[in-house]
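Colleague: Shown below is the structure under consideration.
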């Protein structure tokens, strides 16, 4: 094992029980199923005690058909039936817990602010919802519930042995800790390496997912060999962690087997001594041995669950960290209804970590007009749109629409009322119709879809498809061209029928004629409404009525389009470059 792996085996900081139970409280456990599992275990324990004593009578030569054989058969069959039923209830309870935990985790993830995903790889969150959730449910069912059932079973068995001899019971108790101690040490080691495996697998999942989504870039940059080496390193790290786990698992079996043999020998010697001096009758001696084997098996099995406990602690820690993150309160505040009017940014402060983006930024976006925000990369154009949509909290200042502070509205209602077409053109795997109607809260009819799609120039493409609007779309819209994705994104924004529309390079991937047609449609459909868009080229900038120039997080110029173009060097060069390119 390498040093990194070996150091992971004996981690000192584990997940908190307080956080664990707090998380379970949010999940909504199937308490009826849990109680049913406990009740079945209690009943099986009582039946098991009777079965053992009747089997002892059989082995001692008491073969009375009515008094021994029939009761033995009855309790044995009943125990098998209840054991099968208990296993089904236990499994059903486990999968219900998995389902509830996954619902809880996903509900939390979608409500986390964007800044969380900037500090955490979103693809690694897949492991939180799949692998880690399974570990947490196993922790509950195989550890905490087993504490109750194992404790009860051990108590009942020891109590029954004490009726034979109190000294015999305490002698048995004295020889049990050896296997428990060995399993405790192995469980601690397995926790560290299991947590390491989960973390390495999550990193590998993130690396593979990111690169499979960017194969076009890899191909165009001819970086296959470099990317192969990068992912291969993650695979090697995962392999080393799995190799360490194989060593620990391989050694744990023989060690526990040796401990079990030693315990069995001691148990037989102790019982034999009590039988020899007449303390125990033959039937009691046989029953004692049966009970001792049961108790040893129960505790050995539970020690195996202890290993599950150590394995699950890392999962609890990772999942509870996500659950402890503050989420966005999307419903607190007034209903925005339909927001309209000019947008005022007043003394706004904002930073990404140590990097200050805006320092007392103040600007005005006029109502009922099309405003372009331009400036060099990194000046805060996209950030401004994100702040208007309240995708990030302000560090200071306020933003108002129509004179009303956007902070007075609930996030959900504000975002529903604003149309925002982002530069990523996010699309889901599904159909064209599903992507057009996503999040609208209503189902547009065919006529409305045709009208909007015609306005953005995508209707002909839709009609050419055999399934029309029900044509499948791959994840991320990879089956569509960049221009087609942008047209569908703009159509989706227009279907919201907003009085305030934000566009972040929404037509950058379209050809010249396509841009002109889409912007003409936007101007027609948004007449009298407020439009704010980010522009990087002369053709797009020519659609603006009003221009705001940002540089270094401050307003360098703002005003009517012709005036700003004539007086601002940045805009003048942008338009002149566009003319030369044309």
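Each reported figure results from applying straightforward, stated rules to the coordinates on display, with no laboratory input. Model, not experiment: these values are computed from the prediction. A quick note on method: Cβ atoms are made from the backbone with ideal geometry, for glycine too, and the neighbour counts reach across all protein chains shown.
Colleague: For q = 0.14, 0.16, 0.20 Å⁻¹, what log10 I(q)/I(0) does segment 369-453 give under the Debye formula with an equal point scatterer on each alpha carbon and no solvent?
Modeller: -0.69, -0.86, -1.13
Colleague: Continuing with the same structure: Mind giving me the nanometre distance, one decimal, between the label points for residue 360 and residue 159, set 7 Å out from Cα along Cα→Cβ?
Modeller: Rounded to a tenth, the inter-label distance reads 7.7 nm.
Colleague: Looking only at the chain, where both bridge partners belong to it, what percent of the DSSP beta bridges are antiparallel (to the nearest 5)?
Modeller: Around 55 percent antiparallel, to the nearest 5.
Colleague: Taking the 0 to 90 degree range and rounding to the nearest ten, how far is the long axis of helix 145-164 tilted relative to the main principal axis of the chain, both from C-alpha atoms?
Modeller: 10
Colleague: Of all the C-alpha pairs in segment 343-581, what % are more than 22 Å from each other?
Modeller: It works out to 54 percent of all Cα pairs.
Colleague: Right, next: Taking neighbour counts of Cβ atoms within 10 Å as a proxy for exposure, in what order, fewest first, do 275, 31 appear?
Modeller: 31, 275
Colleague: Compute the FRET efficiency between residue 22 and residue 91 as 1/(1 + (r/R0)^6), taking r as their Cβ-Cβ distance and R0 = 22 Å, and round to the nearest 0.05.
Modeller: Calculated value: 0.25.
Colleague: Still on this structure, please answer the following. Contour minus end-to-end for residue 293 and residue 545, with contour as 0.36 nm per residue of separation and end-to-end as the Cα-Cα distance?
Modeller: Length gained, residue 293 through residue 545: 82.0 nm.
Colleague: Multiply the residue separation of residue 243 and residue 110 by 0.36 nm, subtract the distance between their alpha-carbon atoms, and state the gained length in nm to one decimal.
Modeller: Fully extending the segment from residue 243 to residue 110 adds 44.3 nm.
Colleague: Now, a different point. How would 377, 60 line up from fewest to most surrounding beta-carbon atoms within 10 angstrom?
Modeller: Neighbour counts put them in this order, fewest first: 377, 60.
Colleague: For segment 417-534, what is the percent of antiparallel DSSP beta bridges, rounded to the nearest 5?
Modeller: Of those bridges, close to 20 percent are antiparallel.
Colleague: For a bin width of 10 Å, list the pair-distance distribution of segment 30-160 built from all Cα-Cα distances, rounded to whole %.
Modeller: Going from the shortest bin to the longest, the percentages are 11, 29, 23, 16, 11, 6, 3, 1.
Colleague: Do the sum for the chain: with -39,500 (n - 2.57) for every DSSP H run of n ≥ 4, divided by all residues, what is the mean residue ellipticity at 222 nm, to the nearest 500 deg cm²/dmol?
Modeller: -20500 deg cm²/dmol
Colleague: Suppose we look only past 44 Å in the calculated P(r) of the chain. What percent of the Cα-Cα pairs does that tail hold?
Modeller: When every Cα pair of the chain is considered, 42 percent fall beyond 44 Å.
Colleague: What is the angle, in °, between the Cα long axis of helix 282-324 and the longest principal axis of the Cα atoms in the chain? Nearest 10 is fine, range 0 to 90.
Modeller: 10
Colleague: Would you please give the FRET efficiency between residue 475 and residue 338, computed as 1/(1 + (r/R0)^6) with r the Cβ-Cβ distance and R0 = 35 Å, to the nearest 0.05?
Modeller: For R0 = 35 Å, the calculated efficiency reads 0.60.
Colleague: Still on this structure, I have one more. In nm, to one decimal, how far is the modelled label at residue 210 from the one at residue 264, with both set 7 Å along Cα→Cβ?
Modeller: The modelled label-to-label distance comes out at 5.2 nm.
Colleague: Can you put 134, 338, 84, 37 in order, fewest other beta carbons within 10 Å first?
Modeller: So the residues, fewest neighbours to most, are 84, 338, 134, 37.
Colleague: Could you give the angle, 0 to 90 degrees to the nearest 10, between helix 512-525's Cα long axis and the longest principal axis of the Cα atoms of the chain?
Modeller: 90
Colleague: Let me ask something else about it. Pulled fully out, how much extra length does the chain show between residue 152 and residue 38, if you take 0.36 nm times their separation in residues and subtract their Cα-Cα distance?
Modeller: 40.0 nm
Colleague: With N denoting the number of residues in segment 17-324, provide Rg(C-alpha) divided by 2.2 N^0.38 Å, to two decimal places.
Modeller: Output field value: 1.29.
Colleague: Let me ask another. Work out the FRET efficiency for residue 219 and residue 536 from their Cβ-Cβ distance, taking R0 = 35 Å, and round it to the nearest 0.05.
Modeller: 0.85
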